[in-house]
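Q: Starting off with a structure, shown below.
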Amino acid sequence: MELRQRLLLSAALWLAATVSAAADFDNLGKLAAQGARVSAAVWDLDADAPLTQLQPAQRLIPASLSKIVTAAAALETWAPDKTFPTEILASGAPRNGVLRGDLILRGSGDATLDETTLWALAAQLRSMGLTRVEGRLIVERAPFGELVCDTIDRCNALRRSARAYNAAPSALGVNYGSWCVAFRGTTAGQPAWVGGCATGDLPIPLEGRVMTVAGSGAPRVDRSTDEHGDRLSVGGTIAAGEIRQIHRAMSDPAAGAGLILRSILQQTGVNFTGAVETTLSAPGNPQVLAHVDGLLLQEQIGRMMRWSNNYIADVLTMGVALERNKTAPASLAEASQVLSKLVINARLPSPSAGAAVTNDLPVLDSGSGLTTTNQLSALDFIGVLRREYQDTRRFPAFLGSFVVPRDASFDYLQRGNGDWLDRVALKTGSLTEPVSVNGIAGFLRKKSGGWMAFAIIVNGSDKLRQIGHERALSAARADLEGLLKKY
C-alpha cells in the first residue's frame, strides 16, 4: 500500500512539475524561445520526485559538467582516502654510491603528481648514498599504455601549445602534464629571472627573455616541439618584484616527468651517464628504491571539480576503467564507456520519470568534457546526483567536491542573493565550439534542511550559435533563486 501511494504521489508530482515548468524556468524558457537549446530539471531528493523541468531529456553538449560523472565513478571505484603511489626502481641496489644499471620511474595514475613528490623520491635515493647512475632513466607508460590524442586541442598540442589545459592524460605526468615556468621581476629595465617552478633551471631549451617594468606586466610562454623534443619561448614583461607561474602543456607528459626527475636528481648530487627514455613496461622484476604516496582521491576530486581540471578528470577516467575492467583501455573514449554505463545505471525510475526518458543512450567520450561528442541531458545528471545522494557511504565526499558560490574563486559565481550564495553547491561547464555551451548542476539546500538536485544545460543552436556565459548563467541563477524562495 505504501509503495502504491508513493508511486501515485510521484506521478502526481511529475504532472505538477510539467504544468509549473514554464513558470519555474521562466528565464530559461525565454532563452529557449530565442533559439537556445535548453535541458533543465530540479529533483526533490527527500520525496524522490521531480519538482520542475524544461526539456529534461534533451541531450546536449555538457562540457565540464561531465566531471560530475567522473567524480561519481571514482568514488564508487575507490575509497575517498585512496592514494596512487609513484616509485623509483632498479634491478639492484647501488654499491658504494654507484648504480650499475637503469633507474625506472613507475607511476600508477596519480593525477596530481607534482615536483614536490619527485624531490621526495630524490631525497630517498640520496639517503641511500646514491651519487651516480651508470645507465638510463626509464619512465614507464604503464599501466595505461600508449594513448592517441582524443581531441583537436590535444592533437594540436603535440606540436605546439600556448595553454595548460590540453595536455594528454598519462599514467605518469607532473604538474598536470605541463611545464611549470616561474618568473621573478628584478629591477625595472632588466631581464626577469625565468626558470622552473621547483627545479631551478628548466631541463628543456628556453628561448627569449621577459623584461622587468615599473608598472604591471604580462609574461608570455609558448611551447613548441620538434625532433629534439619540447622547447619553450618566452616574452613580454613583468612588474618589478612580482613572482608569477605559468603552465604549458607538455607534448609527452611521461617523457617530461623523466626530464624533470633527472634534473632534480642531478641537483641533489646524483649524476647520470644515460638519457631519459620511455617504455611501456620495464622488463624483469626490479626492486623498489623509493616510494611516495600521492594525494588522497578526495583531494584530487576536489581539485578537479573546483578548478575544472581536465587532466585530473581524464587520468581518473583511465584509472577507473583499468580498475574495473582489469585491462588497460586503448583510448580515452574506450575508458569513458565506464562513465556511460554509470549514467545508464543511474537512470531515474518509472513512473515518475519514465515518460520523459528517451530511448537513445548517453554518450561520454571523455571524463573531462573536452570532447564535444559528449551528450547528456538534465535527467542524466539528476540520475547521477540522486544515486550519489542515496549512497550514505560516499555522499559526504561527493558533496564536498562541489563549489558553494560564496566561496567560489570566480567572481561571476559570487553574484546573486543570499540563497544563491549559501544554499547552492554546484559544478560549472562551458565551451565556445562548435556552439556555445554553458551549464551548472549540483545540489540545492531546502529551507527545511532537505536536499534538491538540479541540472541546467544551455547550448547554442543554428539559430543562436553563441549565448554569452553571463547571459546563460544569469537566467539559470534567477530561476533557481525563485525556486529557493519557494522551498
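Yes/no matrix, rows are residues, columns are (1) part of a loop (DSSP other than H, G, I, E, B); (2) at pLDDT 95 or above; (3) within 14 Å of ALA171 (Cα to Cα); (4) not hydroxyl-bearing (Ser, Thr, Tyr):
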| position | (1), (2), (3), (4) |
| --- | --- |
| ALA72 | no, yes, no, yes |
| LEU105 | no, yes, yes, yes |
| LEU113 | yes, yes, yes, yes |
| VAL139 | no, yes, yes, yes |
| ARG154 | no, no, no, yes |
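Q: So ASP360 clears everything in (1) modelled with pLDDT of 95 or more; (2) of a type in the set (D, E, K, R); (3) not in a helix (DSSP H, G or I) except one condition, right? Which one?
A: (1)
Q: Give the range 231-245 a look and list any residue that's under 24 Å from the mean Cα position of the chain (by Cα) and buried (at least 20 other Cβ atoms within 10 Å of the Cβ), or say none.
A: none
Q: For the range 383-427: of the residues being of a type in the set (Val, Ile, Thr) and assigned to a loop (DSSP other than H, G, I, E, B), which is nearest to GLN53 (Cα to Cα)?
A: So the residue we want is VAL404.
Q: Okay, next question. Go through the range 251-305 and report how many residues are assigned to a loop (DSSP other than H, G, I, E, B) and of a type in the set (D, E, K, R).
A: 2
Q: Let me ask something else about it. May I ask you to list pairs of residues, at least six apart or on different chains, whose Cβ atoms are under 6 Å apart, with the first in the range 271-289 being at positive phi and the second being at pLDDT 95 or above and among the β-branched types (Val, Ile, Thr)?
A: Pairs found: none.
Q: Moving on. Just need a number here: residues in the range 426-454 that are crowded, with 19+ Cβ neighbours inside 10 Å and over 16 Å from LYS486 (Cα atoms).
A: 13
Q: SER66: of a type in the set (Ser, Thr, Tyr), touching a residue at least 40 places away in the same chain (Cβ under 8 Å), in contact with a strand residue (DSSP E or B) (Cβ under 9 Å, 6 or more places away or on another chain) and assigned to a loop (DSSP other than H, G, I, E, B), yes or no?
A: Answer is no for this residue.
Q: For the range 197-228, which residues satisfy the criterion of being in a strand (DSSP E or B) and within 26 Å of the chain's Cα centre (by Cα)?
A: PRO219, ARG220, VAL221, ASP222, ARG223, SER224, THR225
Q: Continuing with this model, one more query. Does SER474 qualify as being among the hydroxyl-bearing types (Ser, Thr, Tyr), more than 21 Å from THR52 (Cα to Cα) and out of contact with any Cys (no Cβ under 6 Å at 6 or more places or on another chain)?
A: Answer is no for this residue.
Q: Write out, first by first residue and then by second, each pair whose Cβ atoms fall under 8 Å of each other, whose residues are 6+ apart or on separate chains, and whose first residue, in the range 393-409, is farther than 16 Å from TRP451 by Cβ while the second is of a type in the set (Phe, Trp, Tyr).
A: Within 8 Å, the pairs are PRO405/TRP420; SER409/TRP307.
Q: With respect to GLY29, determine if the residue is assigned to a loop (DSSP other than H, G, I, E, B) and not basic (Lys, Arg).
A: In short, no.
Q: Among the candidates GLU87, GLU76, single out the residue that is acidic (Asp, Glu), closer than 26 Å to LEU172 by Cβ and not in a strand (DSSP E or B).
A: On the way: GLU87 fails: not in a strand (DSSP E or B).
Being acidic (Asp, Glu), closer than 26 Å to LEU172 by Cβ and not in a strand (DSSP E or B) holds for just one of GLU87, GLU76, which is GLU76.
Q: Do the conditions hold for LEU289, that is, is it within 28 Å of the chain's Cα centre (by Cα) and surrounded by 15 or more Cβ atoms within 10 Å (Cβ to Cβ)?
A: no
Q: Looking only at the range 264-286, filter to residues that are under 19 Å from ASN96 (Cβ atoms) and of a type in the set (A, V, I, L, M, F, W, C); which one of those is nearest to the chain's Cα centre (by Cα)?
A: LEU265
Conditions tested, residue by residue: (1) at pLDDT 95 or above; (2) of a type in the set (D, E, K, R).
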residue: VAL181; (1), (2): yes, no
residue: ALA188; (1), (2): yes, no
residue: THR199; (1), (2): no, no
residue: PRO203; (1), (2): yes, no
residue: GLY215; (1), (2): no, no
residue: THR225; (1), (2): yes, no
residue: ARG231; (1), (2): yes, yes
residue: THR237; (1), (2): yes, no
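Q: Of the conditions (1) free of Cβ contacts under 8 Å to residues at least 60 places away in the same chain; (2) not in a helix (DSSP H, G or I), ALA321 satisfies every one except a single condition; which number is it?
A: Tallying (1) free of Cβ contacts under 8 Å to residues at least 60 places away in the same chain; (2) not in a helix (DSSP H, G or I), ALA321 fails exactly one: (2).
Q: Something else: Every residue in the range 281-293 that is at pLDDT below 95 and within 30 Å of ASP201 (Cα to Cα), please.
A: Passing the criteria: SER281, ALA282.
The values are calculated or read from the model by the stated rules, or taken from the named source; none is laboratory data. Note that the structure is predicted; figures quoted are calculated from it, not measured. Here Cβ is always computed from backbone atoms with ideal geometry, including for glycine, and neighbour counts include all displayed protein chains.
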